[in-house]
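The values are calculated or read from the model by the stated rules, or taken from the named source; none is laboratory data. Only a predicted model underlies this, so the values are computations on that prediction, with no experimental measurement involved. Using ideal geometry, Cβ is built from the backbone for each residue, glycine included, and neighbour counts are taken over all protein chains shown.
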Number of protein chains: 2
Amino acid sequence: MQVDRLIVVGTGLMGGSLAAAAKRSGCAQIVIGVDPDRSREAQSLGLIDGAFQNLSELVDHLPPREGAQRLLVLATPVSRYASLVPAISALWEDLDPTLVTEMGSTKHALIEALSGLPDTPQASAMKLRFVPSHPLAGAETSGPQAAIETLFEGARILVSPLAESLPEAVANVESFWMSLGGIPTPLPLEDHDALLAVVSHLPHLISYALAGTIAQGPLGQAALSLHGGGLRDTTRIAGSSAELWADILLDNREELLALMPQWQITLGGMLRALESCDRALLVDALEPAATWRRQIV
Amino acid sequence: MQVDRLIVVGTGLMGGSLAAAAKRSGCAQIVIGVDPDRSREAQSLGLIDGAFQNLSELVDHLPPREGAQRLLVLATPVSRYASLVPAISALWEDLDPTLVTEMGSTKHALIEALSGLPDTPQASAMKLRFVPSHPLAGAETSGPQAAIETLFEGARILVSPLAESLPEAVANVESFWMSLGGIPTPLPLEDHDALLAVVSHLPHLISYALAGTIAQGPLGQAALSLHGGGLRDTTRIAGSSAELWADILLDNREELLALMPQWQITLGGMLRALESCDRALLVDALEPAATWRRQIV
């Protein structure tokens, strides 16, 4: 999809990467960043063409759309949705986007923010053109200086329309992500957070626990240099921002905590086999994991 | 180091990779494989020049050394050491190696096998030229067909001499690994297994538990395709052979189980913060892991 103006709200790692990818692919003519803290930095890095502190400042400088395609993307932490979603609805005529999406790693803050909107024509108009999505791509780094212009190439993009989203808007969001090399995959909005708890939030929690166990043990220092690819890969995402991930894990804590009984059963079975020195039991405990993992290429 | 004849006992992934790396680097003239099950396959893959079923068959065909360098490397599971080490000692004059090393992922089976040897001139001669080592490199695959000729490039090689090892033999083992691109690092033999529990065996156990939890949950099938790099990296080593890793984990079970109290404290702290929705506590729980991991480049 060709976009005349791409507005990225939040210009950290994800928003910055989106801006860079859109410029690189040539699918966006002008990329505008909105971020109180980091839009100037994103602009000086050449990720965006224009920088604004907030949506009010943006609309003061936004020319009339006049038939052009204008895509608005939320790339902030989901904790900002409670104020951002009402602000977009309130400024709907001024922002005048043809399409809105967001990249939140959980969706219930979005669902809450949308359901809390007053029943206005602006809110209804917004929901028609709002299609939540979520690229399953990221990095353990953060900030616009860490932006990766190829971040979405080959990445799965979960597309989770609202009940109100127009089919045309869904098709356009999918087309936009495909322009950046992503692979759009539909996922019902209400299934999103449970899936993410499994494929992202539990792996992060466990990776943090593994790195933390080593860091706080007597061999933490030695392990920094004396290790192989196994340690490096299993702990890579534990290098991610603790502040950012505390928010993500807390935001999806119910779905995440609901996985812990199965975790205890699985690890517990392995530990019992180790304690009782029962090789057959240990092989049986490890085998489902190995069989499952080998199906991922 | 230039080796006229490299004898690799055990021609699976590790032994096969060693053979391939030695041929590639040109540091070994002739590579001989000894393996009852897999030496023929390794030979047909071009990894080795000669294939024997066992050490007795090898010595029947081995020409006199006549001043040449002859390196013997054990690349079998450590469970075979109880019979292999006495066999090498008994065949010492016939094998006549200038240097012996092994690649075991734990060392206590080796220590036991060595200390159980009768006090013979052959056993004493062997210990002078025996220098245990351990490349911190591997893959989740197995068998000679999975051999990787660049496996040791840039890899740390733990070098853990016996009390009896000659300094010249230690230097030669280090030089051999450097010919294959490895980075030799000394580690006292008695510290080896505790370090490996931390940097390899705990990461494998936790990766198996993570993959197993997902595999056995209701979203296991969906997670196979809908995921990003975080899941892929944290579970990669869970695709390793369950049979092989059951042996390794059991072999080092005491050191591994000794890490579980710290594991419970670390994960437990994170879970308590999640349960009580305490953001500051969760950031404090995640931060040591992130700080530690960022020191690995």
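Details
- Of the residues making up region A:21-57, those that are closer than 23 Å to A:TYR81 by Cβ and assigned to a loop (DSSP other than H, G, I, E, B) are A:ASP35, A:PRO36, A:ASP37, A:ARG38, A:LEU47, A:ILE48, A:GLN53, A:ASN54.
- Residues that are more than 15 Å from the chain's Cα centre (by Cα) and not in a strand (DSSP E or B), drawn from region A:177-198: A:MET178, A:SER179, A:LEU180, A:GLY181, A:PRO188, A:GLU190, A:ASP191
- Options B:PRO77, B:PRO86, B:PRO97: the member that is touching a strand residue (DSSP E or B) at 6+ places or on another chain (Cβ under 8 Å) and touching a residue at least 12 places away in the same chain (Cβ under 8 Å): B:PRO97
- Hits in region A:267-281 - residues which are outside any helix (DSSP H, G or I) and facing chain B (nearest Cβ under 7 Å): A:CYS277
- Residue satisfying all of: in region A:227-249; buried (at least 19 other Cβ atoms within 10 Å of the Cβ) and of a type in the set (A, V, I, L, M); farthest from the other protein chains (Cβ to nearest Cβ) among these: A:ILE248
- Of the residues examined, A:ALA139 is not one that is outside any strand (DSSP E or B), of a type in the set (A, V, I, L, M, F, W, C) and at pLDDT 95 or above.
- Test set (1) at pLDDT 95 or above; (2) over 21 Å from B:GLU140 (Cα atoms); (3) β-branched (Val, Ile, Thr) - A:ILE248 fails condition number: (1)
- Scoring B:PRO167 on the criteria (1) more than 7 Å from every other protein chain (Cβ to nearest Cβ); (2) under 30 Å from A:PRO186 (Cβ atoms) leaves a single failure, condition (2).
- Number of positions in region A:250-266 that are more than 7 Å from every other protein chain (Cβ to nearest Cβ) and among the β-branched types (Val, Ile, Thr): 1
- Taken as a whole, the condition of being among the acidic types (Asp, Glu), more than 7 Å from chain B (Cβ to nearest Cβ), surrounded by fewer than 16 Cβ atoms within 10 Å (Cβ to Cβ) and out of contact with any Gly (no Cβ under 6 Å at 6 or more places or on another chain) applies to A:ASP284.
- Scanning region A:26-59 for residues that are of a type outside the set (Val, Ile, Thr), surrounded by 15 or more Cβ atoms within 10 Å (Cβ to Cβ) and within 19 Å of A:PRO97 (Cβ to Cβ) returns A:CYS27, A:ALA28, A:GLN29, A:GLY33, A:ASP35, A:SER39, A:ASP49, A:GLY50, A:ALA51, A:PHE52, A:LEU55, A:LEU58.
Results for (1) in contact with a helix residue (DSSP H, G or I) (Cβ under 8 Å, 6 or more places away or on another chain); (2) farther than 20 Å from B:GLY16 by Cα; (3) part of a helix (DSSP H, G or I), shown as yes or no for each residue.
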residue	(1), (2), (3)
B:VAL59	yes, yes, yes
B:PRO63	no, yes, no
B:GLU66	no, yes, no
B:LEU84	yes, no, yes
B:VAL100	yes, no, no
B:LEU114	yes, yes, yes
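- Condition met for B:HIS192 (touching a strand residue (DSSP E or B) at 6+ places or on another chain (Cβ under 8 Å) and modelled with pLDDT of 95 or more): yes
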